[in-house]
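Okay, so here's the structure we're looking at.
The values are calculated or read from the model by the stated rules, or taken from the named source; none is laboratory data. Predicted model, so just to flag it, every value in this text is computed and none were measured. Cβ placement follows ideal geometry from the backbone for every residue including glycine, while neighbour counts extend to all protein chains displayed. Side chains are part of the model used for accessible areas, which takes the heavy atoms of the whole protein and leaves out ligands, DNA and RNA. Shrake-Rupley method; radii C 1.70, N 1.55, O 1.52, S 1.80 Å.
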Amino acid sequence: MAKNSNNWTVTQPLYSIVIPIYNEEENITEMYRRISDVMAQLDGETELILIDDGSRDHSLSMIRELNHRDQRVNYLSFARNFGHQIAVTAGLNFVQGKVVIVMDADLQDPPELILAMIEKWRQGYQVVYAQRLARKQESWLKRFTAYAFYRILRRLADVEIPPDTGDFCLMDRQVVDILNAMPERNRYIRGLRAWVGFRQTAVHFERDPRFAGKEKYTFAKSWALAVNGIISLSKVPLRLATYLGMLSAGLALVMILLVLYWRLFDPDSPLIGFTLITIALFFLGSVQLFCIGILGEYIGRIYEEVKGRPIYTVKEIGGMAQRSTKKSPESSNQHFNTAK
Ligand code: UDP
Ligand code: MG
């Protein structure tokens with residue numbers, strides 16, 4: 001039994017729905033309406049965990065209002081914007097349900113799919129991820145880059161990541177506990193989810209356009225997420241330096257043979273000397289810089305991890321202040337400034 005902030009006694013929920021929110025004032029009302037419809041069809045108690053990721057519009061006051069009206073709505077508000085993956089991480093730290101669903105606030109992930117996911121969970125799957133069949137009204141550039149990225153990631157990653165899946169999924173408590181115990185700060189949730197193992201399956205859906213508002217993932221954020229995904233799941237880019245080294249050694253050998261040939265048979269060739277040296281210099285220089293850049297990506301992440309800062313800072317909690325979160329043994333992932 002747990003009590004919420006209004007001192008109502010609520011039984012431990014069966015289902016928890018985690019929704020990260022960043023400047024979604026135009027979507028919150030409709031999102032709540034559609035999720036309420038779905039919650040009414042669920043066969044067990046449900047809690048909503050809304051994570052305000054440092055919104056600068058009216059999202060937080062709307063969330064507070066929902067929390068006031070509906071005791072199933074809990075929320076936490078970050079002290080600044082930490083990003084989607086961290087917001088989901090925070091939500092997972094606080095859920096109490098036996099079954100946890102993660103979805104976006106913009107209704108691109110249709111809440112009605114939750115019913116199909118739960119059906120799969122009942123069949124014995126611990127992870128049910130939503131796999132996109134189509135992306136309606138997204139630009140061809142976004143569709144193409146997403147298509148290419150998931151396929152590259154699949155080739156590079158140590159674990160099998162199903163293509164065209166995002167963070168919309170259902171996870172069993174067992175899986176959530178493991179994710180919560182993972183101390184890493186750099187979190188690529190769909191990758192970690194695949195890494196965990198267990199019985200996983202897909203439900204298919206067509207991704208709707210955003211209900212309202214602009215996409216919060218800028219190109220820079222998407223790029224950062226993509227690089228994070230590859231680096232956190234693969235060591236192949238590190239090996240690239242070795243391969244490129246071999247390649248340039250091979251090329252050097254060819255050049256030596258060429259120079260010898262010209263010296264002996266074609267001493268007037270204009271290619272000997274300056275041109276060749278310049279090309280070789282630029283080639284090797286760029287290969288080296290490229291490899292240092294890749295090393296830098298990994299070292300930067302090691303640096304982030306060893307600093308050991310909290311993953312996020314919370315400025316306000318509603319509806320679940322008494323909760324103790326499942327902390328990993330070596331990290332305090334959260335830092336609460338005030339708990340309302
Ligand atoms: N989001 C967030 N923090 C951010 C960016 C996005 O919590 O810094 C939330 C956003 O409110 C939405 C979800 O993450 O609920 C997905 O964002 P968006 O729709 O912009 O991404 P996309 O649909 O392109 O994956
Ligand atoms: Mg979206």
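Restricting to helices (runs of 4 or more DSSP H) lying wholly in segment 134-235: which have 1 or more residues that are in contact (Cβ under 8 Å) with a residue 12 or more places away in the chain and in contact with a Lys or Arg (Cβ under 9 Å, 6 or more places away or on another chain)?
Values: elements: 140-156, 173-181, 189-196, 219-233.
Passing ranges, in order: 140-156, 173-181, 219-233.
I'd like to know if segment 51-63 contains one or more residues that are assigned to a strand (DSSP E or B), surrounded by 16 or more Cβ atoms within 10 Å (Cβ to Cβ) and in contact with a strand residue (DSSP E or B) (Cβ under 7 Å, 6 or more places away or on another chain).
The answer is yes, given that some residue of segment 51-63 is assigned to a strand (DSSP E or B), surrounded by 16 or more Cβ atoms within 10 Å (Cβ to Cβ) and in contact with a strand residue (DSSP E or B) (Cβ under 7 Å, 6 or more places away or on another chain).
Among what's in segment 94-116 and is assigned to a helix (DSSP H, G or I) and buried (at least 23 other Cβ atoms within 10 Å of the Cβ), pick the residue that is nearest to ligand 2 (Cβ to nearest atom).
The extreme case among them is I114.
Looking at segment 31-45, which of its residues are within 15 Å of ligand 2 (Cβ to nearest atom) and over 26 Å from V314 (Cα atoms)? Before the answer, list the steps.
Step one: filter segment 31-45 for residues within 15 Å of ligand 2 (Cβ to nearest atom), giving 31, 34.
Answer for segment 31-45, where residues must be within 15 Å of ligand 2 (Cβ to nearest atom) and over 26 Å from V314 (Cα atoms): just R34.
If I filter segment 111-120 down to residues being within 16 Å of ligand 1 (Cβ to nearest atom) and of a type in the set (A, V, I, L, M, F, W, C), which single residue comes out as farthest from I19 (Cα to Cα)? Even if it seems obvious, please write down each step before you answer.
Kept after step one, since they are within 16 Å of ligand 1 (Cβ to nearest atom), are these residues of segment 111-120: 111, 113-114.
Pick out the ones that are also of a type in the set (A, V, I, L, M, F, W, C) and you get 113-114.
Numbers: L113: 15, I114: 13 Å.
So the residue we want is L113.
Go through A220, A249 for me and flag whichever is farther than 21 Å from P162 by Cα, of a type in the set (G, A, S), exposed (fewer than 15 other Cβ atoms within 10 Å of the Cβ) and more than 16 Å from ligand 1 (Cβ to nearest atom).
Going through A220, A249 in turn, just one is farther than 21 Å from P162 by Cα, of a type in the set (G, A, S), exposed (fewer than 15 other Cβ atoms within 10 Å of the Cβ) and more than 16 Å from ligand 1 (Cβ to nearest atom): A249.
Just to be sure before I move on: is R185 charged (D, E, K, R) and more than 16 Å from ligand 2 (Cβ to nearest atom) in the structure I sent? Lay out the reasoning, then the answer.
Numbers: charged (D, E, K, R): yes; more than 16 Å from ligand 2 (Cβ to nearest atom): yes.
Criteria met by R185.
Here's the yes/no breakdown for (1) more than 13 Å from ligand 1 (Cβ to nearest atom); (2) touching a residue at least 60 places away in the same chain (Cβ under 8 Å):
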residue	(1), (2)
R34	yes, yes
L50	no, no
R56	no, no
N67	yes, yes
Q71	yes, yes
N74	yes, yes
Q85	no, yes
D109	no, yes
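Going by the structure shown, is L48 away from ligand 2 (no atom under 16 Å from the Cβ), of a type in the set (A, V, I, L, M) and open to solvent by 10 Å² or more (accessible area, probe 1.4 Å)?
no
All but one of (1) open to solvent by less than 10 Å² (accessible area, probe 1.4 Å); (2) within 16 Å of ligand 2 (Cβ to nearest atom); (3) at pLDDT below 95; (4) in contact with a Leu (Cβ under 8 Å, 6 or more places away or on another chain) hold for Q85, so report the exception by its number.
If we test Q85 against (1) open to solvent by less than 10 Å² (accessible area, probe 1.4 Å); (2) within 16 Å of ligand 2 (Cβ to nearest atom); (3) at pLDDT below 95; (4) in contact with a Leu (Cβ under 8 Å, 6 or more places away or on another chain), just (1) comes out false.
This table checks each residue for (1) surrounded by 15 or more Cβ atoms within 10 Å (Cβ to Cβ); (2) more than 16 Å from ligand 2 (Cβ to nearest atom).
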{"residue": "L225", "(1), (2)": "yes, no"}
{"residue": "N228", "(1), (2)": "yes, yes"}
{"residue": "S232", "(1), (2)": "yes, yes"}
{"residue": "K235", "(1), (2)": "no, yes"}
{"residue": "G245", "(1), (2)": "no, yes"}
{"residue": "D266", "(1), (2)": "no, yes"}
{"residue": "T278", "(1), (2)": "no, yes"}
{"residue": "F282", "(1), (2)": "no, yes"}
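Only residues that are closer than 19 Å to A224 by Cα, surrounded by 18 or more Cβ atoms within 10 Å (Cβ to Cβ) and touching an Asp or Glu at 6+ places or on another chain (Cβ under 7 Å): list them for segment 169-198, please.
Listed by number, the residues that qualify are R185, I189, R190.
To keep it simple, each residue is scored yes or no on (1) at pLDDT 80 or above; (2) more than 39 Å from the chain's Cα centre (by Cα); (3) over 30 Å from V88 (Cα atoms).
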{"residue": "L238", "(1), (2), (3)": "yes, no, no"}
{"residue": "M246", "(1), (2), (3)": "yes, no, yes"}
{"residue": "L253", "(1), (2), (3)": "yes, yes, yes"}
{"residue": "F265", "(1), (2), (3)": "yes, yes, yes"}
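So if I check each of S269, S332, which one is closer than 29 Å to V159 by Cα, modelled with pLDDT under 75 and not in a helix (DSSP H, G or I)? Give the steps one after another, and end with the answer.
Working: S269 fails: closer than 29 Å to V159 by Cα.
Result: S332 is the single residue among S269, S332 that is closer than 29 Å to V159 by Cα, modelled with pLDDT under 75 and not in a helix (DSSP H, G or I).
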